[in-house]
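To start, the structure itself, in structure tokens.
The values are calculated or read from the model by the stated rules, or taken from the named source; none is laboratory data. Quantities reported herein were computed from a predicted structural model and do not represent experimental measurements. In case anyone asks, the SASA skips ligands and DNA or RNA and just uses the protein heavy atoms, side chains included. Shrake-Rupley method; radii C 1.70, N 1.55, O 1.52, S 1.80 Å.
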Amino acid sequence: MSGFSDSDLTRDSFIGGRVWLWQPRRGYRAGVDPVLLAAAVPARPGQRVLELGC
């Protein structure tokens, strides 16, 4: 994760562990919309998904 040190990030789970994400400890943190969008993507373990907020 370029630009962030490990202490700058938290790894959080949503929807009973179906969605995991890294996010800044300070500043913008995920709301409901991106979490629901991520839960709807049929990604398999080991795949990555990037939501840019567009």
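Calculated from DSSP H runs of 4 or more alone, at -39500 (n - 2.57) each and per residue, what is the 222 nm mean residue ellipticity of the chain, nearest 500?
-4500 deg cm²/dmol
Out of these labelled values of Kirkwood radius over Cα pairs in Å, [x] 10.8; [y] 12.2; [z] 11.6, which was calculated from the coordinates shown here?
This structure yields the entry labelled [y].
How much solvent-accessible surface does Val35 expose, in Å² to the nearest 10, with a 1.4 Å probe and all protein chains in place?
Number for this one is 10 Å².
Scan around Val19 for amide H atoms under 5 Å from its own, H built in the peptide plane at 1.01 Å from N, and keep only partners 5 or more places away or cross-chain.
Phe14
Contour minus end-to-end for Ser13 and Gln47, with contour as 0.36 nm per residue of separation and end-to-end as the Cα-Cα distance?
10.6 nm
How much accessible area does Leu52 have with a 1.4 Å probe, in Å² rounded to the nearest 10?
Rounded to the nearest 10, that gives 130 Å².
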